[in-house]
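*Asks:* Below is a structure I'd like to ask you about.
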Amino acid sequence: MSTNGINKALKLQFGLINYENRYLTAEAFGFKVNASGISLKKKQIWTLEQDEQDGQVVFLRSHLGRYLASDKAGKIICGAEKPEPECRFLIVPQSDGRWALQSEPYQRYFGGSADYLSCFAQAIGEQELWAVHLALHPQASLLSVARKRYAHLSASEGEISVDSNIPWGVDSLVTLVYLDGKYSLKTCDSRFLSNDGKLVKENSNTTSFTLELKSGKLAFKDCDGKYLAPVGPTGTLRSGRCSKPGKDELFDLEESHPQVVFQAANKRFVSVKQGVSISANQDVETDMETFQMEIDKESKKSMFRTNGGSYWTLVTHGEIQSTATEVEVNTMFDIEWRGHRVALKASNGKYVCTKKNGQLSAVSDTVGDDELLLMKLINRPMLILQGENGFVCHHKNSNTLDANRSVYDIFSLLFNNGAYHIKSVNGKFWYISSSGLICSDGEKAEDFFLEFPEHGRVAVKGSNGKYLRGDQGGTLMCDGASVDASSLWEY
């Protein structure tokens, strides 16, 4: 999905829920499809692709990479490896936010229950309606398509304003909360957007929106049938007058990269305030001391973007400056995770050190105090972890946590000298039991460490030196010996 913004727009992945509250499921055997899934797991996730020639036509791709298709007799199969004519569908949105899916070549509608699915109905009835449950990680940046500006919390005005050139700092983080087929927009200070533009503490009818898709973009429809749009000079996000989504009512969700603040051994913050030099010489954290960490998918190395849009780069004599406008070899750094601190290695193979004047230079062969930096993640005060088998959520009847749920709990992430404390909704803290279980009812906080080994993923290390992972039964443990698929989390 292309974007007008600075980050990549998220691919739209979702579950489709039928009239019996069951999810459309792609079975691994025989490319069969049914509507029997009771929650949103891997087999229930579908990716929406659009036809390049005709924006109205969509293709639905299963988790196996095969496309949903209907033949002339209405028989449903999901075995096509590439989009064929019979895989072409049209989305017909309904007033309640549900979709009807119409075969483009045969004009019939897709529906049914359990193993009895077909695409043969000539009209839309209850059986042909599907609710849409987004499967992407619920924390993202929200970009207005018309204004090409990002939404952010404007605490002084008590609103969400759509007037940022870049999604910078914690205020630009939006959390999508899904409940009973509707979505709410939650700000970083845990308030909900109401359709009149006000921010309120409680989720209600006026804070619930149905999601609509138009040409791969999102629109949010309120309880009165009107759509969210940026209004006025600051782009106050609220429902406008329109009962049909035009360009003003369309948004992209973009992935929210980690943004970090560095503190050097001299106890000062690394900054670009003084110009192009990257120096540890500031006593307060502002946008000038905040850097976006972008991790290269292939090399797994990190780039650091400034709020002006340039990147840290290695220049002559090992100096680090913010002069690069494109990603290249000298903008890439290896991060070594050293407990409460990190060390950065530049493309010349040397470690970045803080000189006496605060200037950062990659000139060291070994790591001492001057090569260690305190790194603080600033744009995830609310932590939602999504692993290979689902979300992390409180277990119903005990103090443990599940790691395989289709719903999530929101935890608080509190920074503590290079480590983090994780707090549950009830105000109690996470800790590791003697058997390696993660428990969520601690009176006393315990240190956990965040590592960012690859793009879009975090590994969480306990004070026992092991990594968080979900075990076979779906329970959250802290016994992973190394970073692998089971110990990597979308966050």
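*Asks:* Starting from the Cα of Q94, step 7 Å along the direction of its Cβ; do the same at E157; then give the gap between the two resulting points in nm.
*Replies:* Using points 7 Å along Cα→Cβ, the separation is 3.7 nm.
*Asks:* Let me ask something else. Which percent of the accessible area of the chain is formed by carbon and sulfur heavy atoms (probe 1.4 angstrom)?
*Replies:* Result for the chain: 47 percent of the exposed heavy-atom area is carbon or sulfur.
*Asks:* Mind jotting down the distance between the C-alpha centroids of segment 298-325 and segment 195-243, whole Å?
*Replies:* Cα centroid to Cα centroid, the span is 38 Å.
*Asks:* Let's test the formula: R0 of 56 Å, r as the Cβ-Cβ distance of K75 and D287. What FRET efficiency results, to the nearest 0.05? Can you show the working numbers first?
*Replies:* Values: r = 57 Å, r/R0 = 1.01.
My answer for the efficiency is 0.50.
*Asks:* What FRET efficiency do you get for D334 and Q13 if R0 is 25 Å and r is their Cβ-Cβ distance, rounded to the nearest 0.05?
*Replies:* E between D334 and Q13, to the nearest 0.05, is 0.20.
*Asks:* Further, regarding this structure: Any idea what diffusion coefficient segment 246-359 gets from Stokes-Einstein, in µm²/s, Kirkwood Rh on alpha carbon pairs, 25 °C, 0.890 mPa s?
*Replies:* Taking Rh from Cα pairs, D becomes 164 µm²/s.
*Asks:* Using the Karplus equation 6.51 cos²θ - 1.76 cosθ + 1.60 (θ = phi - 60°), what ³J(HN,Hα) coupling, rounded to whole Hz, does each residue of segment 408-413 give in order, writing x for Gly and Pro?
*Replies:* 10, 9, 9, 10, 9, 10
*Asks:* Can you send over the solvent-accessible area of M375, 1.4 Å probe, protein chains only, in Å² to the nearest 10?
*Replies:* 20 Å²
*Asks:* What size of dipole, in debye to the nearest 20, comes out for segment 15-159 about its Cα centre when the only charges are +1 on Lys and Arg C-beta atoms and -1 on Asp and Glu C-beta atoms?
*Replies:* 340 debye
*Asks:* Could you tell me the convex hull volume per residue, in Å³, taken over the Cα atoms of segment 371-421?
*Replies:* Considering the Cα atoms of segment 371-421, their hull volume per residue is 105 Å³.
*Asks:* Where Rh denotes the Kirkwood radius from the mean inverse Cα pair distance, what is Rg over Rh for segment 60-133? Show your work: numbers first, answer last.
*Replies:* Details: Rg = 11.7 Å, Rh = 12.4 Å.
For segment 60-133, the value is 0.94.
*Asks:* Which whole-number value in Å² is the accessible area per residue of the chain, probe 1.4 Å?
*Replies:* Per residue, the chain has an accessible area of 43 Å².
*Asks:* Then there is this: What residue among V284, I38, I432 has its Cα farthest toward the positive end of the dipole of the chain, where the charges are +1 on Lys, Arg and -1 on Asp, Glu, each on the Cβ?
*Replies:* I38
*Asks:* Another question, if that's okay. Which one of G74, G197, L237 has its Cα pushed farthest toward the positive end of the charge dipole of the chain, where Lys and Arg give +1 and Asp and Glu give -1 at the Cβ?
*Replies:* After comparing all options, I get G197.
*Asks:* Another one. Can you bin segment 20-91 into rounded, prolate or oblate? Criterion: square roots of the alpha carbon gyration tensor eigenvalues sorted a ≥ b ≥ c, rounded for a/c under 1.5, prolate for a/b above b/c, oblate for the rest.
*Replies:* prolate
*Asks:* Taking only the Cα atoms of the chain, how large is their convex hull per residue, in Å³?
*Replies:* 161 Å³
*Asks:* Let me ask another. Determine the gain in length on full extension of the stretch R241-T316; use 0.36 nm per residue of separation and subtract their C-alpha separation, reporting nm with one decimal.
*Replies:* Working: separation 75, 0.36 × 75 = 27.00 nm, distance 5.69 nm.
Extending this stretch completely gives an extra 21.3 nm.
*Asks:* What is the extension gain from D484 to E27, computed as 0.36 nm multiplied by their sequence separation minus the C-alpha to C-alpha distance, in nm to one decimal?
*Replies:* Taking D484 through E27 to full extension adds about 162.0 nm, to one decimal.
*Asks:* Still on this structure, please answer the following. What dipole magnitude, in Debye to the nearest 20, does the chain give about its Cα centre under +1 on Lys/Arg Cβ and -1 on Asp/Glu Cβ?
*Replies:* On the way: 55 positive and 60 negative charges, 57 e Å.
I would put it at about 280 debye.
*Asks:* About its Cα centre, what dipole magnitude does segment 198-258 give when the only charges are +1 on Lys and Arg Cβ and -1 on Asp and Glu Cβ, stated in debye to the nearest 20?
*Replies:* 280 debye
*Asks:* If r is the Cβ-Cβ distance from D224 to S435 and R0 is 56 Å, what FRET efficiency results, to the nearest 0.05?
*Replies:* Result of the calculation: an efficiency of 0.60.
*Asks:* Related question: Which value in nm describes the separation of the simple spin-label points at K356 and K428, placed 7 Å from the Cα toward the beta carbon?
*Replies:* So the label points at K356 and K428 sit 5.4 nm apart.
*Asks:* Greater than 32 Å separation of Cα atoms is the criterion. Which listed pairs, K186/K376; K201/K444; K273/K444; K297/K356; K273/K300; K221/K273, meet it?
*Replies:* In this structure, K273/K444; K297/K356; K221/K273 lie more than 32 Å apart at Cα.
The values are calculated or read from the model by the stated rules, or taken from the named source; none is laboratory data. No experiment lies behind these values; they were computed from the predicted model shown. No Cβ is skipped: glycine too gets one built from the backbone with ideal geometry, and neighbour counts run over all protein chains shown. Just the protein is used for accessible areas: all its heavy atoms, side chains included, with ligands, DNA and RNA removed. Shrake-Rupley method; radii C 1.70, N 1.55, O 1.52, S 1.80 Å.
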